[in-house]
Structure formats: C-alpha cells, structure tokens
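Engineer: Quick one: the structure is below, and I'll ask about it shortly.
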Amino acid sequence: MRFKLTGFVLTGVAAFMLGVCSVAAAAGGLAGTYTTTVKSPAQLKGKWAITYAKNGTYAVAVNGETVARGRYSATPKTITLFGERGSGCIGAGTYAWTKSGKTVTFTRKRESASCQARALVLSHRFTQVR
C-alpha cells in the first residue's frame with residue numbers, strides 16, 4: 001500500500017520536527033554545570049552548583065555535596081523544574097532564562113510555595129564551569 005504525502009502533511013511534520021529540535025537545542029544550550037555563591041540567608045550560605053544534563057535531569061550540590069535531583073524541560077526562553085527529590089520542594093517551578101557567554105540568569109515566573117529556597121538560590125547569577 002502506498003501513501004501520498006500532501007504538502008499540508010509535510011508542512012505539519014516539518015513544524016513538529018522544528019519544535020522538537022528547538023526544545024532539544026534549548027536543553028543542549030543549557031546543559032552543563034553552573035555555580036554561584038550564596039551569602040545570605042545563613043541556612044543557604046555556600047557555593048551552589050547545578051548540573052543540567054542533556055537527558056533532562058539536573059542535580060544540585062552545596063559545597064560539593066549533592067542535596068537534590070530532579071527533571072527539567074527547557075525551551076529557548078524558559079525552564080521548568082519538576083520531580084525534585086531531596087530538598088523538600090514539592091511542585092514545579094518555571095523560570096525565564098538567559099545565557100550570555102558563561103553567565104546564566106533565571107527569572108522566576110511561577111514557583112511552588114514549598115520551593116522558596118530554590119527561588120532564592122536561582123535569583124543569583126550563575127557561571128558555567130563545565
């Protein structure tokens with residue numbers, strides 16, 4: 001049996017593939033390890049590192065000790081963090097993100113009430129180290 005692909009179907013497939021590629025490129029554009037130093041409040045003080053893997057997972061470490069792990073999805077402009085374990089953070093958080101050179105900044109769009117520590121840490125400027 002043969003199928004005839006119309007221009008409409010091909011356009012739809014192309015649009016879908018571009019969408020998939022842009023999400024993958026955004027995740028790949030954010031993949032790496034980023035660090036920042038938090039000076040206050042005292043309970044969050046330390047050197048923080050977030051590692052975003054290309055497979056959509058992330059890990060958070062403070063002073064070299066992993067304290068949380070989760071999943072993320074990214075577009076060229078936003079990142080949503082979810083499924084976090086280890087921090088007591090329940091729910092998803094969505095942030096706008098921008099990257100300039102090795103510097104990444106996050107701007108809170110939506111965050112779960114139980115994740116205010118995450119919001120505070122992500123309000124700092126991060127530097128890519130890997």
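Values in this text are rule-based calculations from the coordinates and carry no lab data. Because the structure is predicted, anything quoted here is derived from the model rather than measured. Glycine gets a Cβ as well: all are built from the backbone with ideal geometry, and neighbour counts include every protein chain shown.
Engineer: Contour minus end-to-end for residue 108 and residue 128, with contour as 0.36 nm per residue of separation and end-to-end as the Cα-Cα distance? Before the final figure, lay out each step's value.
Structural biologist: Values: separation 20, 0.36 × 20 = 7.20 nm, distance 1.95 nm.
My answer for the length gained is 5.2 nm.
Engineer: Which of 30, 120, 81 has the fewest other C-beta atoms within 10 Å, and how do the rest follow up to the most?
Structural biologist: 120, 30, 81
Engineer: A follow-up question, please. Quick one: if you stick a label point 7 Å off each Cα along the C-beta vector at residue 119 and residue 94, how many nm between them?
Structural biologist: My value for the distance between the label points is 1.5 nm.
Engineer: Which of the three applies to the stretch 54-130, rounded, prolate or oblate, going by the alpha-carbon gyration tensor with a ≥ b ≥ c and a/c under 1.5 meaning rounded? Intermediate values should be presented prior to the final figure.
Structural biologist: On the way: a/c = 1.43, a/b = 1.18, b/c = 1.22.
Here the stretch 54-130 falls in the rounded category.
Engineer: Calculate, in nm to one decimal, what residue 39 and residue 67 gain on full extension: separation in residues at 0.36 nm each, minus their alpha carbon distance. List each step's numbers first, then the result.
Structural biologist: On the way: separation 28, 0.36 × 28 = 10.08 nm, distance 1.78 nm.
Net length gain for the segment: 8.3 nm.
Engineer: Return the subset of 77/99; 45/102; 54/77; 77/102; 54/102 for which the Cα-Cα distance in this structure is over 21 Å, preserving the input order. Mind showing how you got there, number by number?
Structural biologist: Details: 77/99 10 Å; 45/102 23 Å; 54/77 16 Å; 77/102 16 Å; 54/102 17 Å.
The answer is 45/102.
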